[in-house]
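Heads up, the thing below is written out as structure tokens.
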Amino acid sequence: MSGSDIAVGPDEDAPRVDEPASAQQRLTALEQEGEIAADYIEGLLDIVDMDGDLDLDVEGSRAVVAVVGDDLDKLIGSNGETLEALQELTRLAVLQKTGERSRLMLDVGGHRARRRAELRELATEVAKRVAGGAKQEKLAPMTPFERKVVHDVIADVDGVRSESEGEEPNRCVVVMPV
């Protein structure tokens, strides 16, 4: 049997045919972002002497780190302002370690999940009013996360569209008929 006749099994380190190397590499990079972020948040929790468990996940094209526990309201702040600041600091910590900008999502005490549900309900109600003949409606200023939730809901409703207008921190969503 010559060397070319030797049967070789699949290379275990090679990417699967149904999963491109770039997709697997991206998943690995997102998991690494989550680990770096979790280490950073863990250090912050130690500094402020707060307890919380960390859950890491990858949703779509972003790493998600959730701090779960009781008495975490100080990390959320008024209208999620402290949470937004912590998310930005965490993204900077990831950037410092990886050299890559992160779209990491940080949630504390389920705040973002609750807010997402509230915003979906609000956007659905506004979309129905505007599609039903009401004039355009301008919503209260929102964070980028909140605006994206509203835009995603509006995009799925026939007869309406949405745009963001204004400058941070007063940027808001306007829902209008098509």
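Among the numbered criteria (1) open to solvent by 40 Å² or more (accessible area, probe 1.4 Å); (2) part of a helix (DSSP H, G or I); (3) β-branched (Val, Ile, Thr), which single criterion is violated by residue 149?
Looking at each condition in turn, residue 149 falls short on (1).
Look at residue 123 and say whether it is in contact (Cβ under 8 Å) with a residue 24 or more places away in the chain, of a type in the set (Gly, Ala, Ser) and not in a loop (DSSP other than H, G, I, E, B).
So residue 123 passes the test.
For the range 19-49: of the residues being free of Cβ contacts under 8 Å to residues at least 40 places away in the same chain and of a type in the set (Val, Ile, Thr), which is most open to solvent (accessible area, probe 1.4 Å)?
Among those residues, the one meeting the criterion is 47.
Is it fair to say residue 173 is over 26 Å from residue 29 (Cα atoms) and touching a Lys or Arg at 6+ places or on another chain (Cβ under 7 Å)?
Against the criterion (over 26 Å from residue 29 (Cα atoms) and touching a Lys or Arg at 6+ places or on another chain (Cβ under 7 Å)), residue 173 qualifies.
Which pairs turn up if I take residues in the range 65-82 that are within 17 Å of residue 47 (Cα to Cα) and look for partners that are among the polar types (S, T, N, Q) and open to solvent by 40 Å² or more (accessible area, probe 1.4 Å) with beta carbon separation below 8 Å, at least 6 apart in sequence or on another chain?
74/82; 75/82; 76/82
Go over the candidates 114, 91, 101 one by one and state the one that is outside any helix (DSSP H, G or I) and either within 15 Å of the chain's Cα centre (by Cα) or of a type in the set (Lys, Arg) (or both).
Of 114, 91, 101, the one residue that is outside any helix (DSSP H, G or I) and either within 15 Å of the chain's Cα centre (by Cα) or of a type in the set (Lys, Arg) (or both) is 101.
Does the range 69-86 hold any residues that are assigned to a helix (DSSP H, G or I) and open to solvent by 10 Å² or more (accessible area, probe 1.4 Å), and which are they?
73, 74, 75, 76, 78, 79, 81, 82, 84, 85, 86
Scan the range 154-168 and report the pairs whose first residue is assigned to a strand (DSSP E or B) and whose second residue is open to solvent by 80 Å² or more (accessible area, probe 1.4 Å), with Cβ atoms within less than 7 Å and a gap of 6+ or a chain change.
The qualifying pairs are 160/178; 161/178.
In the range 97-116, how many residues are free of Cβ contacts under 8 Å to residues at least 40 places away in the same chain and either closer than 26 Å to residue 51 by Cβ or surrounded by 20 or more Cβ atoms within 10 Å (Cβ to Cβ) (or both)?
Adding up the residues that qualify gives 6.
The values are calculated or read from the model by the stated rules, or taken from the named source; none is laboratory data. Keep in mind the model is a prediction, meaning the values are calculated, not measured. Virtual Cβ from ideal backbone geometry, glycine too; neighbours counted across all protein chains shown. Ligands, DNA and RNA are excluded from the accessible area calculation, which covers all protein heavy atoms including side chains. Shrake-Rupley method; radii C 1.70, N 1.55, O 1.52, S 1.80 Å.
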